[in-house]
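The values are calculated or read from the model by the stated rules, or taken from the named source; none is laboratory data. Because the structure is a prediction, the values reported are computed rather than measured. All Cβ positions, glycine included, derive from the backbone under ideal geometry; neighbour counts span all protein chains shown. The area values use the complete protein model at the heavy-atom level, side chains included, leaving out ligands, DNA and RNA. Shrake-Rupley method; radii C 1.70, N 1.55, O 1.52, S 1.80 Å.
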Amino acid sequence: MRTPTFVAVGAAFFLSACSGISTTSDYDPAVDFTKYSTFVWLDTEGDDIDAITDSRVRSSIDGALIARGFQKGGDDADLAVGYQGTSAERRSYNTVNSGWGGGYGYGGYGWGGYGMNMGMSTTYENVWEEGTLIVGMFDVDSKNLIWTGTATAAIDPGRSPEQRQQLIDDAVEKMLRDFPPGS
């Protein structure tokens, strides 16, 4: 579910640590990615991403694509790039058992025999915000999606601006690790 405001995503974007970043990617295997050399950004006007986060994400993706031999183009670009961010509240439950429970012994009786149970359980709820960056690359001529990738991790609003940029860079680099396909 897309959150109407991305204040939390803008605050930390979605990353807690590089090792905590989960990424996936998919592409159209019928596409010859060697024919693409220039890229342009799709118009994302209307997205709820703040200007600082937008600049960080675009800068990171620009750098990753340029490092892979692509050039920023204009009207003559052959690849169009777009992204969006989402966030959602996640929960997990952990139960910890302590003490002595049902037992062993002669005839199945022992410390826990006769309904005696001296153990106890405590369940803890963990709640966190998880964010996802979704990147799509489209063939400019056909307007078809040819590659998509996602990076997901816990949001950490306590990061400094430098840490936020580094973590976005890490997520983009991990997501684009095998881009372009077949290279």
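Kindly check whether there is at least one residue in region 154-162 that is surrounded by 17 or more Cβ atoms within 10 Å (Cβ to Cβ) and of a type outside the set (D, E, K, R).
yes
Can you name the condition, by its number, that Asp139 falls short on among (1) open to solvent by 30 Å² or more (accessible area, probe 1.4 Å); (2) acidic (Asp, Glu); (3) within 19 Å of Val81 (Cβ to Cβ)?
All conditions are met except number (1).
Do we find a residue being outside any strand (DSSP E or B) and at pLDDT below 80 anywhere in region 116-129?
Taking region 116-129 first, the residues outside any strand (DSSP E or B) are 116-117.
Of the ones still in play, those that are also at pLDDT below 80 are 116-117.
The answer is yes, given that some residue of region 116-129 is outside any strand (DSSP E or B) and at pLDDT below 80.
Which residue out of Thr148, Thr132 is in a strand (DSSP E or B), closer than 19 Å to Arg58 by Cβ, polar (S, T, N, Q) and at pLDDT 95 or above?
Testing whether each residue is in a strand (DSSP E or B), closer than 19 Å to Arg58 by Cβ, polar (S, T, N, Q) and at pLDDT 95 or above leaves just Thr148.
Read through the list (1) in a strand (DSSP E or B); (2) surrounded by fewer than 16 Cβ atoms within 10 Å (Cβ to Cβ), then give the number of the only condition that Thr86 fails.
(2)
Testing Ile168 on (1) part of a helix (DSSP H, G or I); (2) modelled with pLDDT of 95 or more; (3) not hydroxyl-bearing (Ser, Thr, Tyr), one condition comes back false. Which one is that?
Failed condition: (2).
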